[in-house]
Amino acid sequence: MLSELLQFLFSGLTVGAMYALAAVGFSLIYSASGVINFAQGEFIMLGGMSAALLVQAGVPLPLAIALAVLVAAAAGLIVEKLAIEPAGNSEVVTLVIITIGASLTLRGLAEVFLGKGNHALPAFSGEDPLVIFGATLMPQSLWVMGVTLVVVLALGLFFGRTTLGKGVLATSCNKLAAQLVGINTRFILLLAFGLSAALGAVGGILVAPMTYTSYDVGIMMGLKGFVAAALGGLGSGFGAIVGGLLLGIVEAMTAGYISSAYKDAMPFVLILLILFFLPQGLFGKKATDRV
Amino acid sequence: MLEVRNLSKTFGGVKAVQDVSFTVRAGTIHAVIGPNGAGKTTLFNLITGIYTPTSGEILFDDASAGGESPDRLARRGMSRTFQNLQVCMNMSAIENVMVGAHLRLGTSLLAGLFRLPGLAKADAECRDEAARLMEFVGVGRYRDAHASQMSYGALKRLEIARALAAKPKLLLLDEPAAGLNHTETAEIEALIRKVADSGVTVVLVEHDMKLVMNLSDHILVLDYGRKLAEGSAAEIRENPDVIAAYLGASA
Amino acid sequence: MTMKPTTRGFLFLAFVLAVLPLALTNGYYYDLAIRMAINATIAVGLNLLIGYTGQISLGHAGFFGIGAYASAILTSRYGLPSGLALIIGAVATAGLAFAVARPILKLKGHYLAMATLGLGIILSMVVVNETDLTGGPDGMPVDAFSLFGMQIVGEQAWYVVVVLILLLVTRAALNLIDAPAGRALQAIHGAEIAARVAGVDTTSFKVRVFVLSAVVASVMGSVTAHYVGFLTPGVAGFFHSIELVTMVVLGGMASVFGSILGAVVLTLLPQLLSAFEGWETVVFGLILMLTMIFLPRGILPTLRLKFAGRAA
Amino acid sequence: MEKRTFIKFTLAAAACAAIGTATAADPIRIGAVLSVTGPAAYLGDPELKTLQMYVETLNKSGGVLGRPLELVHYDDGSEAGKANGFAKRLIENDKVDFIIGGTTSGATMAIAPLVERAQVPFISLAGAVVIVEPAKKWVFKTPHTDRMAAERVFDDMKKAGLTKVALLSENSGFGQSGRKEAQAVAAKYGITLVADETYGPKDTDMTAQLTKIKGVPGVQAVFVFGLGQGPAVVTKNFAQLGIKLPLYQSHGVASDEYIRLAGAAAEGVRLPSPALPVAAKLPATDPQKKVVSDYAKLFAERWKAEPSTFGGYAYDGLMLATDAMRRAGSTDKGKVRDALEATTNFVATSGAFNMSASDHMGLSLSAFRMLEIRNGDWTLLN
C-alpha cells in the first residue's frame, strides 16, 4: 500500500510542478502590476505548441525549445505593449477583461495558424520509467520538478540579489514611489510579462512529452495556475510553488482515495476553506486598511 | 461622554498606542496632538471601532465601546472624518452626504427595490436636509456636482457634512485642516466652532497649532504612542516635555 | 417638472422593447431578442453586486445552474408544477448564497474572485457528475413552462414574458440605486470604511445584494431551461460566469442601462461573428480588448461622458 | 461564394431584418451546426472540413437534382445552448432544406425538438443511443452508437475469456454516455465491471486512477471510453505503471493521431472502429473498400491532414441526405424524410445503412471492425 501512496504522491508532484510553473507566471505579473493575467495559460500553450511543431518540422530539440521560449516571450511582450500599457490605470476588472480578450486572441490565432490537432514532443531522457519502492516515475517528471526547483531558486536570487528584481518588488509595493526613485516602471511591467511568458513556455514545453499539447490546453493550465497562485498567496513566488504542488497532490490523492469524478472539485473546496481562515492565501502579505 | 482607560494597541511588535487614558466631557472641543507617528490616527481608529484594542477600555456614554464595529458605534451617535479622504468618488456630492444619514432611513433592500411610498418621502426630506448641511459647511454650490469634480478643500468639508448628517453626539475629526491654505484653515476653524456650538462634542487630531490652540477646551499630547501631557491650551503651551518633543531634544 | 434621466431611460427602454417585435420578422430574431433579454436581466442583477457594490463574482453561472436544473429536475423527474419548481430553485439559491456569502464576501479583490470561481466550479462539477439527476455532460430535456394550466409556447409568448421580467428587474434596480440602501451599496464600493463609519452594516449589505443577484440569476436560469427546452452543464460553467461578468464590465460598471447594452452586444456578437469562418475567436478577443482599452469604463458610461463633455 | 455569404449575413444581422430572396438558380440549402471549436473540436473540425469538401465536389459534378448545394454552417463552440440557437437560425432565418450536425449528443438533443416542430429532416453526427431510441420522426443519425461500441468490445473480451473489467471513462458527453451504455450491456456479455473511474477531458496525468485500478483484485482488462489526447495519456500512464492487462479503447481514438501520440505504449491496444483507418488493408472484396479509400484520399489531398472517422460520419450524413433527395426527386422536406427512412443497403464510411421507421441509424454491429495496434499501425482482427 506504500507503493500506492507513493505513486499518488509522484502523480501529484508531477502535475503539481506543472501547476507551480504556471502559478509563478501569474505571481510575477501580479507582483509587478496587480493584475491577474488570464492570458498566462496561452503562453504555456504557445511554448508547447511551438516546440512540438518545430520538432515535427525537423528542428533539433534544443533549438526548438529555445525558439519556442522566444516565441512565447515575444507574445508576452506584445500583449503588454499593445493591450496592458495602453489601458494604463484602468480598474482591475477592466484589465482582467482585457487579458481575457488577449487570451482569446492568442488561442484563436493558434487555432487558425497551428491547427486543432494534438501534438507530442519527444521525452528529453527517454521513456523508461524509474521504479522507486514499487512506484514508477517518468524521467520527464524529474525534468519538470528539477526545472521548477531551478526556477524557484533563480527567482529567489533575482528578487533578493539584483537591482532589477528589487525594482519589480518596489513597483508592486508602490508604483508612484518606485517611479520617484527612478525605477522605470514601464520597463518593469514589460519585463514581468516577458519573463512570465517565457516561464510559462518553459512549463508548456516540459510537460508536452507527457501530456501532449494542443491549441486549447492553455485554458485548463491557466485556470489551475490562477488557483495555485491564489492558494499560495498572490504575489508570493514561494507561495505559488507551494500552492501548485499542494493543488497537484490534493487532486491525485482525491482521485486515488476518494473519487476521481470529484477530484477537480476538491481543490476548490480546499481553497474555500483556506480563504475562510487565511483571506490572503497561505503566504500572501497581510494588508491593513490605512485611513 | 467618552472615556478611554489604559488603551493599548500593538501591530506585530510595534506598540502604536500604549496605555493611554483620557476623558472627553460632553459639549467640549478636545484636541489630540503629537508629532507624526505618535499614534493619533491609531487612537481614532481604536475609538471608532476600525481597530480592535489589544488591551484597555473605551466607554462611550458610560457603556463599553471597545472593539465594537464602526456601524454599531455610528448607531450609538459617533461619527468621524478621515485624514486621507474617504469620499465615494463613484457618487455625487449630495449622495455622499445622504450616505451619512443612512441610519435614519429605511435600509431595507426590498423597500428600495419597490420604492415603497414612505421611503420616497423620507428620501426626499433627506435630500433637502443634505443640501442644508452642504450649505452649512460651505459647499452649497456643489449641490448638483459629482464628488470627483470637487476640490480637495471642498471634499474635506463634504466629509464633515456627511458626518453631521448622521446627527452624531460625538464627532471625531482627523486632521480637518491638513492640506488647506490660511484662508481655508480659518474657515474650517469657524466651521468647527459652529458645529460645537450646535451641541456636538468634537474630538480632533490636528497639526495646525494655531487652530488647536484657538479651538480646544482640552488638549491631549501623544508621543511614541504614550500620553505625554494633558491640559488646557495654556497649560500645554507651557509644558516643557511638549516643547522638547516638538522642537527636539536640543531645545 | 423635469423627468429624471433614469426615468427617461426606462421609458425609452420600454418603448424600444414594445416596438421591437415590428422588426422581428421571424422566430430566429425573436430567439435572439429573448436571449438578449434573459442575459440583460442577469447582467442588471449582477451589476448591482459588481458595478455598484464593487464585489466581483466569477461564480454566478453556478446560481444560474441551480435555478435551471432545479426547474428541469423537479418538473421532469418529480412532476412538480413549473412555477413551484422555479420558486424552489430560487429559494435554494438564496439559501446557498446566504450561507456562503458571509465568509466569501470578507475576501477582497482577486481572492474574492477566486472564492466565487471555486464555488461556481464546485456547483458545475456536481451538475456534471450527478448523472442520474442531471443527465451528466449530455444534458437533459426540460418540459414547457406552464402556469395554471396555461403553457408558454412559441417565441412571441416568451418574448412578452422575458421582456416583462427585464422591465421589472430594471425598474427595481433603478429604484434601488436611488434609495438609501442603494446609496449604502455604492458607498461600500466608493469608500468602505467611510460607509461603516456612517453606520452602514457593510457585511449585511454585501450579503443581501449577493443573494439578490444570485436569485435573479437563478430565476433566469429556470426561465432559460424552460425556454430552450434542453439543458447541458455548460450553463453552470466557468465560461458562462465569465461571459456574464464581461457583459457587466463591457456595458459599463454601475450603469443599469450599460448592463443591458453589454448583454445585447455579447449576445449579438457571436451571431455576427459566425461570418468570420474560423476567425471568430480571434475577432471576439480583439473586440473585447479594444473596447476595454478605448472605453475603459464600459461602452455606455464612456460614451455618456464623451457626449456630456462635448455638450458642456 | 463564401464572400457573398459573409456580406449577406453581416447585412442581415445589422439590419435585423433579412428576407430570403429566391432566385432562378435556387440552391439546395444544407444547414450544419457543428462543434468546430471547444472541447469537441476534435470531432467537429473534420466534420466541417468534410462537408465543405463534398459540397464543392458535388457542385463541380452538377449538384443535386440539377441544383447547386449551399452549405450554411455555424459553430456552437461545443455548447448545446448555442446549438439550439443556431438551429433556430437555420430553420427560421436561413430556411435550410436539411440539417446535418449536432457534433455532440447534447447539441443533438438540443436541436431535436426544434426540427420535430419545424419538420425539417435532420441527421445527427453524435453517438448516444437516446438520439434514435425511441425513433423521432425527423431525427436520424450516422455514427454507430456508444452502446454498439461497448457491445463490440465486450464481445471481444468474452471471446478472450476476460470477465472482470475496469472501466475508465472521460468526464465528457462522449465518455459519460459511453460509460452509461457500457454499464447497461456488460451483464449481457457476462462481464462484471470491477472499477468505475473517470478523468477530466483535459487531464494531464491518470496514474492515480490507473494505480487504483491496478490494485483492484481480480481485474482482467481495462476499457477506456474517451476522445482525443486523454486516452493517449491513459495509454502512456498504463505503460509507465507496467500494467500488463489487455487495454481496450473506444472508437473515440480511431485515428492515426492516437498512435502517434501514444507511441510504443499503444502496442496491443484493441478498439472497435469504422473501416476508415484500415481502408488500405481491407480485402478488395469488401463492399466498403472503395468508399472509404476514396474518402481518405480526397480528404488528405484537400486538407493536407489525416482523415478521421468523425469526418466520415459527416460524409455519411451528407451522402445519405443527397441520396434521399435524389430518390425523392425533390427537396420537399416530407418526401426527403420518407426517402431517408427508406434507405436500404447504402454503403458509406461507417458501414451499410438500412433505415426503417423504427431504426433511424440503420447500422448493424458488424459495421464496427475490431482493430488492434501492432508495430505502430492498425491491424484488422477477424
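The values are calculated or read from the model by the stated rules, or taken from the named source; none is laboratory data. All values reported here derive from a predicted model rather than from experimental measurement. Neighbour counts run over all protein chains shown; Cβ positions are idealised from the backbone, glycine included. Heavy atoms of the whole protein, side chains included, go into the accessibility calculation; ligands, DNA and RNA do not. Shrake-Rupley method; radii C 1.70, N 1.55, O 1.52, S 1.80 Å.
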Next on the checklist: Residues to consider are D:Gly102, D:Gly38, D:Gly44; find the one that is open to solvent by less than 30 Å² (accessible area, probe 1.4 Å), within 14 Å of chain C (Cβ to nearest Cβ) and touching a Leu at 6+ places or on another chain (Cβ under 6 Å).
Outcome noted: D:Gly44
Checklist outcome for this item: Filtering segment D:65-99 for residues that are within 8 Å of chain C (Cβ to nearest Cβ), acidic (Asp, Glu) and within 24 Å of D:Gly252 (Cα to Cα) leaves a count of 2
Checklist outcome for this item: Pairing a residue in segment B:109-136 that is in the same structural domain as B:Ala163 (by TED's automatic domain parsing) with any residue that is part of a helix (DSSP H, G or I) and surrounded by fewer than 19 Cβ atoms within 10 Å (Cβ to Cβ), where Cβ atoms lie under 6 Å and the two sit 6 or more apart in sequence or on different chains, gives B:Met134/B:Gly140
Checklist entry - Where in segment A:9-123 are there helices (runs of 4 or more DSSP H), lying wholly inside it, with at least 3 residues that are within 9 Å of another protein chain (Cβ to nearest Cβ) and buried (at least 24 other Cβ atoms within 10 Å of the Cβ)? => result A:92-114
Checklist entry - Within segment A:223-240, how many residues turn out to be part of a helix (DSSP H, G or I) and either open to solvent by less than 10 Å² (accessible area, probe 1.4 Å) or without any contact (Cβ under 8 Å) to a residue 24 or more places away in the chain (or both)? => result 10
Checklist entry - Can you name the residue in segment C:257-290 that is within 8 Å of chain A (Cβ to nearest Cβ) and touching a residue at least 12 places away in the same chain (Cβ under 8 Å) and, of all such residues, is surrounded by the most Cβ atoms within 10 Å (Cβ to Cβ)? => result C:Leu288
Item to check | Options B:Leu171, B:Leu191; residue that is surrounded by 15 or more Cβ atoms within 10 Å (Cβ to Cβ), closer than 18 Å to B:Leu215 by Cβ, in contact (Cβ under 8 Å) with a residue 40 or more places away in the chain and away from chain C (no Cβ under 12 Å) | outcome: B:Leu191
Checklist entry - Quick one: in segment D:186-222, which of the residues that are of a type in the set (Gly, Ala, Ser), surrounded by fewer than 24 Cβ atoms within 10 Å (Cβ to Cβ) and at the interface with chain A (Cβ under 8 Å from one of its Cβ atoms) is farthest from D:Gly242 (Cα to Cα)? => result D:Gly200
Checklist entry - For segment D:92-111, how many residues meet the condition of being closer than 10 Å to D:Ser78 by Cα and outside any loop (DSSP other than H, G, I, E, B)? => result 2
Checklist entry - For C:Gly95, which of the numbered conditions (1) open to solvent by less than 20 Å² (accessible area, probe 1.4 Å); (2) at pLDDT 95 or above; (3) closer than 28 Å to C:Arg183 by Cα fails to hold? => result (1)
Checklist entry - Mind checking whether some residue in segment C:220-232 is within 14 Å of chain B (Cβ to nearest Cβ), of a type in the set (Phe, Trp, Tyr), touching a residue at least 12 places away in the same chain (Cβ under 8 Å) and within 26 Å of C:Leu84 (Cα to Cα)? => result no
Checklist entry - If a residue has to be buried (at least 20 other Cβ atoms within 10 Å of the Cβ) and closer than 22 Å to D:Asp97 by Cβ to count, how many in segment D:344-382 make the cut? => result 6
Checklist outcome for this item: Heads up, the helices (runs of 4 or more DSSP H) in segment C:84-192 (entirely inside) with at least 3 residues that are out of contact with any strand residue (DSSP E or B) (no Cβ under 8 Å at 6 or more places or on another chain) and farther than 30 Å from D:Gly127 by Cβ are C:109-129, C:155-177, C:180-190
Checklist entry - When the residues of segment D:2-60 are filtered to those that are outside any helix (DSSP H, G or I), of a type in the set (Gly, Ala, Ser) and at pLDDT 50 or above, which remaining residue is farthest from the chain's Cα centre (by Cα)? => result D:Ala25
Item to check | Residue satisfying condition, being within 17 Å of C:Thr267 (Cα to Cα) and open to solvent by less than 10 Å² (accessible area, probe 1.4 Å), within set C:Ala40, C:Ala68 | outcome: C:Ala40
Checklist entry - Say we look at segment B:64-84 and pick out the residues that are at pLDDT 90 or above, more than 8 Å from chain C (Cβ to nearest Cβ) and in contact with a helix residue (DSSP H, G or I) (Cβ under 7 Å, 6 or more places away or on another chain); which of these is nearest to B:Glu3 (Cα to Cα)? => result B:Ala65
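Sort through B:Ala244, B:Ala233, B:Ala196 and tell me the only one that's in the same structural domain as B:Leu46 (by TED's automatic domain parsing), open to solvent by less than 60 Å² (accessible area, probe 1.4 Å) and in contact (Cβ under 8 Å) with a residue 40 or more places away in the chain.
So the residue among B:Ala244, B:Ala233, B:Ala196 that is in the same structural domain as B:Leu46 (by TED's automatic domain parsing), open to solvent by less than 60 Å² (accessible area, probe 1.4 Å) and in contact (Cβ under 8 Å) with a residue 40 or more places away in the chain is B:Ala196.
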Checklist entry - Residues A:Leu199, A:Leu278: which one is more than 7 Å from every other protein chain (Cβ to nearest Cβ) and either surrounded by fewer than 23 Cβ atoms within 10 Å (Cβ to Cβ) or in contact with a strand residue (DSSP E or B) (Cβ under 6 Å, 6 or more places away or on another chain) (or both)? => result A:Leu278
Next on the checklist: Looking at C:Leu231, C:Leu244 in this structure, which one is within 26 Å of C:Ala70 (Cβ to Cβ), touching a strand residue (DSSP E or B) at 6+ places or on another chain (Cβ under 9 Å) and surrounded by 24 or more Cβ atoms within 10 Å (Cβ to Cβ)?
Outcome noted: C:Leu231
